[in-house]
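Note sheet for the following structure.
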Amino acid sequence: MKKTFLRFTGSFLLLFPTLLLAQTQTNYKISFPNLVHHEAEITAEFTGVPSETLEVRMARSSPGRYALHEFAKNVYAVKATNSKGETLKITRPNLHQWNISGHDGTVKVTYTLFADRVDGTYAGVDETHAHLNAPATFMYAPVFDQKPSFVTFDIPAGKNWTIATQLKPETGKNTFSAPNFQYLMDSPTELADFMWREWPVQDQGKNKTIRFALHHNGTAAEFDKYAEETKKVVQKSQQVFGELPDFDFGTYTFIGCYVPHAAGDGMEHRNSTTLTSPRPLKTHAKDNLGTVSHEFFHAWNVERIRPQNLEPFNFADANSSDALWFAEGFTNYYGDLLLCRSGAISVDEYAKQLSSNLDNFLLLPGKDLYSPAEMSRLAPFVDAARSVDNTNRLNTYVSYYTHGDVLALALDLTLRSEFAGLSLDDFMRAVWQKYGKTQKPYVLKDLELTLAEVTKNEPFASEFFQKYIYGHAPVEFKTLLQNVGMELRPEKAKQASLGFAPLAFANNRATMQIGSLSGSPLYKAGVENEDILLKLNGKKITSAKSLENILKKHKPGDNVILEFEQRGQVKKTTVTLIENPDMEVVTIEKTGKTLSDSTKKLRDSWLK
């Protein structure tokens, strides 16, 4: 009897922590009784609370974004009760936190969420859908960060809505779960009258599912064609890495919301992405597909190939990393490249995209001021961050998207030209195997060492990182592009210009929208933000066409009189016109030159 009792006691003690764990969870319920006024009603029930006071918070940042967004500003009517429905005391030590005391192990918090922004960061609720980014929606308790969460969505009566999410489906009606806090916060959800498309993918002997939920005002036929283009993008992404990631729960979900009131955006998540756009498929399918391509590539790069300084993501502060040139910029490069490889855009269309990217990089003085690693760290100041004071970003900053994009181009073409049989695909595959598939967060030195291993040339890798990642040495893009049968040249050779002139024309007035570009004729003239350009050589500037006509009568190097208004004072000065600085990339064939067989083979291996 004694031995039997001891065995029973031991089994019970082993079981007891499991029972406690099962009781320690968060249960959310979200309903929408006031859709027309963009409100959601949310209940967050925390069970098995381990401390006398429960700290509950709203996030301040969101995965894929690096700045602060202060989601607590849209939460109100907060109340708390215990398991018996008795009101609990709430104190608020700061704007993002509610402390709740006097509970009986259970705390049920109810609150109203105002949601009227449809993009990848915020939440948007109206009579057509409920678009929910988790950090903008759900209160959380930091002490529950390793505990599971269950979310039940209450679909409004009369709505033919289904639910698109990467959360795990549960047996309860419209109920889903997340294994822990980080996964919950990384899981966007939309409820809408979706069109659905789904297809299986065989990958390394495993069955995986890709599905696309689309909320839009277009036709099923438009979506069918779009889904087929998406399939090709998925395939070309898979070819880069040699395999798909092992999606949690076996499924990857595209959540598309293409409606007039949406903001253009895309946001990557571990097993899904949100895609928002005001542009319909009927007229802008290619534009929207570019976001699909970019975000799906993130399923490898940044979702599983993680910078160490973004792991784990900090929801209580801004998130800064020196690796965004790689995480975002290299992804941006592949976003366009894979459209070309899939046939969604032609080689000439891809050349136009290269033109835009290089223009945005080569014309900006910031490229000579900060390295890509330093630019990456500035993300919390620029990544959808809001401020009212003017900055000098035009002359001091280049987006890590752009900087990383053109560096990926440079490295890809260098590898193809100087290392027989190698390309950026080989480097990305090697990084995936070492740091993505193993989910081991990397530092920049790890990327450098991987490049050395792939090329079997440590001096090359060291020099590349020292010159172009930690430094800001110029890249010989013209030579690199010539190696693959492309030419970088002035787009409007011999045309006179004032340089980059960000003008808005209204009421016959030409108003500067931001400051002037350092070194340009306007900068040397002292023209600044909100100044009004009045006349050029005595001719009134009333529209973009009038300015174009005036410049057509001059050539680069001409000195002309510029008259402008600055803070109420009219000024006159002499400026020297320059050649239009815009650059373009075209195929060698378009220049009238002959493309050699070897160059064509190298270009085809890159683009096809």
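The numbers here are math on the coordinates, done by the rules we state, and not lab data. Given the structure is predicted, the values throughout are model-derived calculations rather than measurements. Every residue, glycine among them, receives a Cβ derived from its backbone with ideal geometry; neighbour counts consider all protein chains shown.
Structure notes:
- Local charge for Pro260 was computed over the other residues whose Cβ lies under 13 Å away, with Lys and Arg +1 and Asp and Glu -1, and equals +1.
- Each of Leu339, Leu407, Gln235 was scored by the projection of its Cα onto the charge dipole of the chain, and the greatest displacement toward the positive side belongs to Leu339; charges sit on the C-beta of Lys, Arg, Asp and Glu.
- Whole-Å distance, taken between Cα centres, linking the range 187-208 and the range 530-608: 46 Å
- The separation of the range 29-103 from the range 226-265, counted between C-alpha centres, amounts to 32 Å.
- Highest to lowest packing among 181-188, 211-218, 389-396, scored as the average C-beta count within 10 Å: 181-188, 211-218, 389-396
- The range 450-466 and the range 296-343 have Cα centres lying 21 Å from one another.
- Gain on full stretching of the segment that runs from Ser598 to Val443 - 0.36 nm per residue minus C-alpha separation: 52.1 nm
- Separation in nanometres of the label points that stand 7 Å from Cα toward Cβ, at His554 and Glu198: 6.4 nm
- More than 27 Å apart - percent of Cα-Cα pairs taken over the range 22-192: 20 percent
- With contributions of -39500 (n - 2.57) from each DSSP H run of at least four residues, the per-residue ellipticity at 222 nm computed over the chain stands at -9000 deg cm²/dmol.
- The peptide list 590-600, 466-476, put in order of mean Cβ contacts within 10 Å with the highest first, becomes 466-476, 590-600.
- For Ala430 and Gln569, the FRET efficiency from 1/(1 + (r/R0)^6), where r spans their Cβ atoms and R0 equals 60 Å, is about 0.50.
- Measuring against 20 Å, Cα to Cα, the residue pairs Lys225/Lys352; Lys492/Lys545; Lys231/Lys601; Lys147/Lys168 contain Lys225/Lys352; Lys231/Lys601 as the ones spanning a longer distance.
- Note on Glu418 and Ile561: with the Förster distance fixed at 41 Å, the Cβ-Cβ geometry gives a FRET efficiency of about 0.20.
- Selection among Phe71, Pro50, Ala40 by position relative to the dipole of the range 35-86 gives Phe71 as farthest towards the positive end (Cβ unit charges, Cα centre).
- FRET efficiency, 1/(1 + (r/R0)^6) with R0 22 Å, evaluated for Thr110 and Lys84 via beta carbons: 0.90
- Averaged over residues, the count of other Cβ atoms within 10 Å places the peptides 54-62, 91-99 in the sequence 54-62, 91-99, highest first.
- Charge sum, other residues only, whose C-beta stays under 15 Å from Glu243's C-beta, Lys/Arg counted +1 and Asp/Glu -1: +2
- When DSSP beta bridges are restricted to pairs lying wholly in the range 194-299, around 50% turn out antiparallel.
- Extension gain, Ser101 back to Asn217 (0.36 nm per residue minus Cα-Cα distance, nm): 37.0 nm
- Estimated dipole of the range 66-110 in Debye, rounded to 20 [Cβ of Lys and Arg +1, of Asp and Glu -1, Cα centre]: 80 debye
- The charge dipole of the chain, taken about its Cα centre with unit charges on the Cβ of Lys, Arg, Asp and Glu (plus for the first two, minus for the last two), comes to roughly 140 debye.
- Residues in the range 536-549 carry Karplus couplings, in order, of 10, 6, x, 9, 5, 9, 10, 7, 4, 5, 5, 5, 4, 5 Hz; the curve used is 6.51 cos²θ - 1.76 cosθ + 1.60 with θ = phi - 60°, and Gly or Pro positions show x.
- Percent of Cα-Cα distances greater than 42 Å, calculated over the chain: 33 percent
- Rounded to the nearest 20, the size of the Cβ-charge dipole of the range 22-192 about its Cα centre is 220 debye, with Lys and Arg at +1 and Asp and Glu at -1.
- Between Arg509 and Arg393, the distance separating the two model label sites (each 7 Å from Cα on the Cα→Cβ line) works out to 2.5 nm.
- Stretching the chain fully between Lys73 and Asn457 yields a gain of 133.0 nm (0.36 nm per residue, less the alpha carbon separation).
- Under the simplified labelling scheme, the Thr209-Val36 pair shows an inter-label distance of 3.7 nm, with each label point 7 Å from Cα along Cα→Cβ.
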